[in-house]
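I have placed the structure first, in the form of structure tokens, so that the comments after it can refer back to it.
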Amino acid sequence: YAGEGAVPGDLLYSVKVNVTEPVRVALAKDEEARADLEAWRALRRLEEAQSLAVRDSLSPERKERLEENFDAHATRVEERVERIAEIDPVQAYELAGRFEASLAAHAAILASLDTDDTEDVVDRINSRLTRIVEKRALATLSFDTDASRGDDAEIRNARSLKSAVPVEV
């Protein structure tokens, strides 16, 4: 519990990242909960980068570690969303949308800090956002096909998601 507010460079940071967070993911009840937790972990890395940048403590080593961790968590989110999409494409689309919106918000915050330290992080987030938006766009193509086999509520839900506009930074 004491390590929850830790950032890279703090004594308890490795406990937070290597013990507490993985235990939460392991104890999650289903794939959707695990995807949400991985998204939460990725967003935590961005919050840590923001916190360090505001304090002018985002050293190149800390930034690199945060970027690597962010990429690992974001990749796991994408993998879990892909697995969920095989079973429930609408749920996967919603999960990806929530992650996309959160990433866009964090990218905007980091960009507003307007420091050289955060520029690479913002670029990395935008790259990830581009991939997520592309995957969500491809997922919408399957909604018409899937909807033709589903009930009326599923068809309406798929069509409303298909018309959703992706978030842009």
Worksheet item: Roughly what % of Cα-Cα distances in region 1-59 sit above 14 Å, to the whole percent?
Response: 58
Practice prompt. Give a residue-ordered list of calculated ³J(HN,Hα) values for region 63-78 (Karplus: 6.51 cos²θ - 1.76 cosθ + 1.60, θ = phi - 60°; whole Hz; x for Gly, Pro).
Written response: 4, 4, 5, 5, 5, 4, 5, 4, 4, 4, 5, 5, 5, 5, 4, 4
Discussion item. If you count only protein heavy atoms and use a 1.4 Å probe, how large is the accessible surface of Val7, to the nearest 10 Å²?
Written reply: 10
Response to the item:
Spelling it out for Asp10: with amide H atoms placed in the peptide plane at 1.01 Å from N, the residues 5 or more places away or on another chain with amide H under 5 Å from its amide H are none
Worksheet, complete the sentence: Here the FRET efficiency for Asp10 versus Ala108, based on Cβ atoms and R0 = 25 Å and rounded to 0.05, is 0.45
Fill in: region 93-103 - phi-based ³J(HN,Hα) in whole Hz, Karplus 6.51/-1.76/1.60, Gly and Pro as x
4, 5, 4, 4, x, 5, 5, 4, 5, 5, 4
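The values are calculated or read from the model by the stated rules, or taken from the named source; none is laboratory data. If you're wondering where the values come from, they're calculated on a predicted model, not measured in any experiment. Using ideal geometry, Cβ is built from the backbone for each residue, glycine included, and neighbour counts are taken over all protein chains shown. Remember, those area values only see protein heavy atoms, side chains included, never the ligands or the DNA or RNA. Shrake-Rupley method; radii C 1.70, N 1.55, O 1.52, S 1.80 Å.
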